[in-house]
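Structure first, then comments.
Please treat every number below as a calculation from the coordinates, not as lab data. Computed from a predicted structure; not experimentally measured. Counting neighbours? That spans all protein chains shown, and the Cβs are built from the backbone with ideal geometry, glycine included.
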Amino acid sequence: MFKIILNILKGKAKAAFGKPLKGDERFLLTSLYSKTDRIATLITASNVHPTLIDPDYDFVKLTESVDANLELLQKLLNRFDFDAAMPPSWLGLAGCGLEELGTSMRITPMVEPTPYKFALDKVSLNELSLPENTGYLEKQIRLICEVQDRYAMNAPPIILGAFDLAMLLRGEKLITDFRLYRDYLKASNETIKQKIEKRGDPNFFPRLLDYTTKVSIHIGNMYKSQGANMLGIVITDQYANPPLMSPDDFLTYIYPYVEKVWKSFKKYRPTVGYMAPSPSIIEEILEYRALSGIACFNNYMFPQNEMGVTSAEYDAQMVELSKKLKTPYQFLIHGKFIRDCTEKELEKELVRVCNLVMKNNIPLSIGLAAVPLGTDLSKIDTFLKVINKYGVYD
């Protein structure tokens, strides 16, 4: 906490006198919607395929060892001069407590950990309990604490919200559970309700979400009890999105669980990672208290073209929203684009966004959402070179 506050104060002093900022100072000030020297840059470390950084590291090695994650993070920081690199874990979903709750994870060298047998295919909801500080979850908590101790960057705990957690314990059957519950609540008479009951238990969905809400809060408290700095804790509920669920259904049926988890950590300024599918939806959800943070203010779930690029029209709308709401826009470049584009195509896209931001004079971060296998890392060098040339504020 002290390192973060010190970086904010140092950054504000440097910005006031027109001096260049260090990367962590720049990123923190941008997150607070403060003027900086240039656009901030972000790389999501755990979404960079590990063998691109060093072929001696793979997902088997990284899920076995906290030290291996720390070593690879340092190699990434040495290779690329990004302002921020987070989250630092290559454990992926394995580190979210799923294995400890009963969902079996497939760990292979080249593919990030994925669930292959869901907990609720093996046991009943009544047999599930709260996870203990063991296994992959224990490694993840220890890793976050280590990163916070070693680096000045803010590496907040990232926990699954109630819906995301339920999806990873139940699989796609959760969507059927949800629709039974929704249709039952909307049923206009007892005859319709009885027909729904023949298809399944309409009360299973809220019972499961009550349970996963408790688990989300419990895991967050585990981080706290192990000494993690909780400032800016991120709560993700990104699965509750089209095509699985409409924004209206999310706000009506899922948001109450989101808010309950959010309230549990409110004094740590948590952000909820609900990735809205358009700027108009972002503007709509901002009246909901738990969804007003910067984690919702990006283009991650906006529709992409065949090259993996989101619409320039959306960027213009997000910039206007940013000015209106005093919230920094985080423009993310998707993995498909960074892998398949030419360096000229990448430069053209970055210059377009930089020019838009310079014209409107708003704080912005530009990040790489993913760097998949097959990516020429020289394009990441180009990314940084272009930002340093065209992303400088007057």
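Looking at this structure, is Val272 outside any helix (DSSP H, G or I), touching a Leu at 6+ places or on another chain (Cβ under 8 Å) and buried (at least 22 other Cβ atoms within 10 Å of the Cβ)? Answer is yes for this residue.
For Thr63, the conditions (1) part of a helix (DSSP H, G or I); (2) closer than 19 Å to Tyr223 by Cα; (3) in contact with a Ser or Thr (Cβ under 8 Å, 6 or more places away or on another chain); (4) in contact (Cβ under 8 Å) with a residue 40 or more places away in the chain are fulfilled apart from (3). For the stretch 243-260: of the residues being touching a residue at least 60 places away in the same chain (Cβ under 8 Å) and outside any helix (DSSP H, G or I), which is surrounded by the most Cβ atoms within 10 Å (Cβ to Cβ)? Going through the qualifying residues, I end up with Met245. Entry remark, the stretch 313-336: residues being under 19 Å from the mean Cα position of the chain (by Cα) and either closer than 15 Å to Thr44 by Cα or not aliphatic (A, V, I, L, M) (or both) number 10 in total. Within the stretch 193-212, can you find the residues that are charged (D, E, K, R) and in contact with a Leu (Cβ under 7 Å, 6 or more places away or on another chain)? Passing the criteria: Arg199, Arg207. Residues in the stretch 8-39 that are in a loop (DSSP other than H, G, I, E, B), among the small types (Gly, Ala, Ser) and either more than 19 Å from Lys326 (Cβ to Cβ) or free of Cβ contacts under 8 Å to residues at least 12 places away in the same chain (or both): Gly18 alone.
Considering only residues in the stretch 166-192 that are outside any helix (DSSP H, G or I) and in contact with a Leu (Cβ under 9 Å, 6 or more places away or on another chain), the one that is farthest from Ser124 (Cα to Cα) turns out to be Glu172. Checking Asp54, Asp67, Asp83, Asp58 one by one, the residue that is surrounded by fewer than 24 Cβ atoms within 10 Å (Cβ to Cβ), within 28 Å of Asn388 (Cα to Cα) and acidic (Asp, Glu) is Asp54 and no other. The residue that is nearest to Ile43 (Cα to Cα), counting only those in the stretch 104-145 that are surrounded by fewer than 18 Cβ atoms within 10 Å (Cβ to Cβ) and of a type in the set (Asp, Glu), is Glu132. Taken over the stretch 111-157, residues that are of a type in the set (Ser, Thr, Tyr) and closer than 16 Å to Cys96 by Cβ amount to 4. Residues in the stretch 193-242 that are under 19 Å from the mean Cα position of the chain (by Cα) and assigned to a loop (DSSP other than H, G, I, E, B): Ala228, Asn229, Met230, Leu231, Gly232, Ile233, Asp237, Gln238, Tyr239, Ala240, Asn241, Pro242. When we screen Ile338, Ile333, Ile294 for residues that are in contact (Cβ under 8 Å) with a residue 40 or more places away in the chain and out of contact with any helix residue (DSSP H, G or I) (no Cβ under 7 Å at 6 or more places or on another chain), the only hit is Ile333. Report yes if some residue within the stretch 308-322 is among the small types (Gly, Ala, Ser), loosely packed, with under 15 Cβ neighbours inside 10 Å, farther than 23 Å from Arg79 by Cα and in contact with a Lys or Arg (Cβ under 7 Å, 6 or more places away or on another chain); otherwise report no. For the stretch 308-322, residues among the small types (Gly, Ala, Ser), loosely packed, with under 15 Cβ neighbours inside 10 Å, farther than 23 Å from Arg79 by Cα and in contact with a Lys or Arg (Cβ under 7 Å, 6 or more places away or on another chain): present. No other residue among Ile141, Ile159 is among the β-branched types (Val, Ile, Thr), in a helix (DSSP H, G or I) and under 22 Å from the mean Cα position of the chain (by Cα) apart from Ile141.
Among the residues here, Ile235 does not qualify as without any contact (Cβ under 8 Å) to a residue 40 or more places away in the chain and crowded, with 21+ Cβ neighbours inside 10 Å.
For Thr327, the conditions (1) buried (at least 21 other Cβ atoms within 10 Å of the Cβ); (2) touching a strand residue (DSSP E or B) at 6+ places or on another chain (Cβ under 8 Å) all hold with the exception of (2).
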